[in-house]
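Structure first, then comments.
What follows is calculated from the coordinates using simple rules that are stated; it is not laboratory data. Remember, it's a predicted structure, so these values are computed and weren't measured experimentally. Glycine gets a Cβ as well: all are built from the backbone with ideal geometry, and neighbour counts include every protein chain shown.
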Amino acid sequence: MCPNLSWVVAGVFETPTGDRVRLLKGTKNNKRRVFPCQQGSKLQSLLFELRSDSPDPKKLLFKSSSGQKMNLRISDRFWRGYSTKGYQYKGVVAELAEQGIIPYLSIYSTRHTFATWAIASGASPEKVAYWLGDNVQTVLSYYCHPDVTKSECPDF
């Protein structure tokens with residue numbers, strides 16, 4: 001969740017290691033984070049698609065349908081769904097899970113999934129810890145769930 005991410009701080013800029021997206025504020029520990037965004041990546045394409053032809057650097061990237069700053073309550077409604085005035089709005093993830101397209105997972109599970117897939121894809125635990133704003137031990141203890149039944153014991 002990046003509620004305070006705006007174009008001024010999320011402007012894509014080149015670095016020797018590729019493009020990056022910056023976070024203005026909004027983490028629980030109030031630390032700024034830089035997240036890698038490779039040139040031509042799906043993430044970069046999505047961010048460029050969200051950007052208007054003449055972006056206002058002070059406007060937020062992710063906002064509610066009414067134009068307000070996103071928060072966990074709004075995200076949860078999109079994710080799980082909600083009822084109001086006798087009408088039931090289905091959440092996107094809840095609906096996909098109900099249709100059997102995906103298993104239902106909580107919003108927070110995306111953090112676990114990202115960390116696990118990043119490490120399984122070759123990202124170092126140190127990089128993943130940096131991206132998550134955690135320490136390496138926390139990442140290894142809580143976010144990596146290797147399939148131990150498929151792992152082989154080293155030959156000592």
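What is the sum of charges, Lys and Arg at +1 and Asp and Glu at -1, for the other residues whose Cβ falls under 14 Å from the Cβ of I74? Cβ neighbours under 14 Å give a net charge of +4. Of K42/K127; K63/K85; K59/K85; K58/K90, which sit over 27 Å apart, Cα to Cα? Result: K59/K85; K58/K90 exceed 27 Å.
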